[in-house]
Amino acid sequence: MSEFPHSTVVTVPFGEPRLARIACESLQVDRELSEDKVVRTIRVDDANLVVSFTAQSLRVLRVSINGFMDSLIL
C-alpha cells in the first residue's frame, strides 16, 4: 500500500496567467505543517493555479486543503 494513498487536484481559475503566477509564487513559500503526512505541489497551467495534494489519510487531506483554501482567500 502507498504511503500516501489519498489524493486530489484542485484547479483555481484566474482571469489571466499573470495573476495565476502571482498566486503560485505567493503560496509556494507556505510549507505544509505536517510534511511527513501530506505532500502539496503547486503549478500554473495557463491562467489556472493547479494544486495537487497526496496524504496518508482523508482527514489529513481535508485539513490540508482547508488550510490552503484559507491562504488562497487572503
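The values are calculated or read from the model by the stated rules, or taken from the named source; none is laboratory data. Small disclaimer: the values here were computed from a predicted structure and weren't measured. Counting neighbours? That spans all protein chains shown, and the Cβs are built from the backbone with ideal geometry, glycine included. Please note that ligands, DNA and RNA were not included when accessible areas were found on the heavy atoms of the full protein model with its side chains. Shrake-Rupley method; radii C 1.70, N 1.55, O 1.52, S 1.80 Å.
Sort out which residues of segment 1-30 are of a type in the set (D, E, K, R) and either farther than 19 Å from N66 by Cβ or out of contact with any helix residue (DSSP H, G or I) (no Cβ under 7 Å at 6 or more places or on another chain) (or both), and write them in order of number. Walk me through it before giving the result.
Step one: list which residues in segment 1-30 are of a type in the set (D, E, K, R), which gives 3, 16, 18, 21, 25, 30.
Once the filter is applied, which keeps residues that are of a type in the set (D, E, K, R) and either farther than 19 Å from N66 by Cβ or out of contact with any helix residue (DSSP H, G or I) (no Cβ under 7 Å at 6 or more places or on another chain) (or both), segment 1-30 yields E3, E16, R18, R21, E25.
Looking at segment 1-33 only, could you name the residues that are under 15 Å from the mean Cα position of the chain (by Cα), in a helix (DSSP H, G or I) and without any contact (Cβ under 8 Å) to a residue 40 or more places away in the chain?
Matches in segment 1-33: A20, R21, I22, C24, E25, S26, Q28.
Here's the yes/no breakdown for (1) touching a Cys at 6+ places or on another chain (Cβ under 8 Å); (2) open to solvent by less than 40 Å² (accessible area, probe 1.4 Å); (3) charged (D, E, K, R); (4) modelled with pLDDT under 95:
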position	(1), (2), (3), (4)
I22	no, no, no, no
V38	no, yes, no, no
R43	yes, no, yes, no
N48	no, no, no, no
R59	no, no, yes, no
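Looking at segment 1-11, which of the residues that are open to solvent by 60 Å² or more (accessible area, probe 1.4 Å) and β-branched (V, I, T) is farthest from R62 (Cα to Cα)?
Per the stated criteria, the residue is T11.
Residue by residue through segment 20-69, note down the ones that are of a type in the set (V, I, T) and closer than 14 Å to T8 by Cβ.
Residues of segment 20-69 of a type in the set (V, I, T): 22, 29, 38-39, 41-42, 44, 50-51, 54, 60, 63, 65.
Listed by number, the residues that qualify are V38, V39, T41, I42, V50, V51, T54, V60, V63, I65.
Go through F14, F68 for me and flag whichever is at pLDDT below 95 and surrounded by 12 or more Cβ atoms within 10 Å (Cβ to Cβ).
Numbers: F14 fails: at pLDDT below 95.
None of the other options fit; the residue is F68.
Of all the residues that make up segment 44-58, how many are touching a helix residue (DSSP H, G or I) at 6+ places or on another chain (Cβ under 7 Å) and part of a strand (DSSP E or B)? Break it down into steps so the answer makes sense when it comes.
Of the residues in segment 44-58, the ones touching a helix residue (DSSP H, G or I) at 6+ places or on another chain (Cβ under 7 Å) are 44, 46-49, 51, 53, 55.
Going one step further and asking which of them are part of a strand (DSSP E or B), we end up with 44, 48-49, 51, 53, 55.
Residues flagged as touching a helix residue (DSSP H, G or I) at 6+ places or on another chain (Cβ under 7 Å) and part of a strand (DSSP E or B) within segment 44-58 amount to 6.
Would you pick out the residues in segment 34-59 that are touching a residue at least 24 places away in the same chain (Cβ under 8 Å) and within 13 Å of the chain's Cα centre (by Cα)?
V38, V39, R40, V44, N48, L49, V50, V51, S52, F53, T54, A55
List the number of the failed condition for L33; all other conditions in (1) at pLDDT 95 or above; (2) in contact with a helix residue (DSSP H, G or I) (Cβ under 8 Å, 6 or more places away or on another chain); (3) open to solvent by 80 Å² or more (accessible area, probe 1.4 Å) hold.
Checking L33 against (1) at pLDDT 95 or above; (2) in contact with a helix residue (DSSP H, G or I) (Cβ under 8 Å, 6 or more places away or on another chain); (3) open to solvent by 80 Å² or more (accessible area, probe 1.4 Å), the one that fails is (1).
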